[in-house]
Amino acid sequence: MRLYGEIFKTVNASEAFAGARCDFFPCGGGYFQGVKTLGYFSAERVVLVFKRADIEVLGQDLSVVKYCEGDLQLSGKIRAVSIIEGSER
């Protein structure tokens, strides 16, 4: 996607994000790249462990559709995505 390339030119994406990307639809599912492992999973809360930080996803009826080679797809209704305080590495 060219747009990603242009956006990430303005920041040092290789250091700041280390291959991590989060794309989601509010009240819909999401696709996450660069996931190292799942730190926690329930139908209302998912913790995704990335190289630089842990991400918390809150919602309803969350389920893992796909998890392969660092790519993870969630279905359900995503209500919020945030970095867990103190997890930055």
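Where does each of 48-57, 28-37 land if you order them by average Cβ count within 10 Å, highest first?
Result, highest mean first: 48-57, 28-37.
Check cross-link reach from Lys51 to the lysines: straight Cα distance under 18 Å, and skip same-chain residues fewer than eight apart.
Lys36
What accessible surface, in Å², does a 1.4 Å probe find on Asp61, ignoring ligands, DNA and RNA and rounding to the nearest 10?
110
Starting from the Cα of Lys66, step 7 Å along the direction of its Cβ; do the same at Phe24; then give the gap between the two resulting points in nm.
My value for the distance between the label points is 1.9 nm.
Under a cut-off of 18 Å between alpha-carbon atoms, report the aspartates and glutamates in cross-link reach of Lys77, not counting same-chain residues fewer than 8 places apart.
Asp23, Glu44, Glu56, Asp61
The values are calculated or read from the model by the stated rules, or taken from the named source; none is laboratory data. Being a predicted model, the structure only gives us computed values, none of them experimental. Positions of Cβ are backbone-derived with ideal geometry, glycine not excepted, and every protein chain shown enters the neighbour counts. For the accessible areas, the whole protein counts, side chains as well, though only heavy atoms, and no ligand, DNA or RNA atoms are used. Shrake-Rupley method; radii C 1.70, N 1.55, O 1.52, S 1.80 Å.
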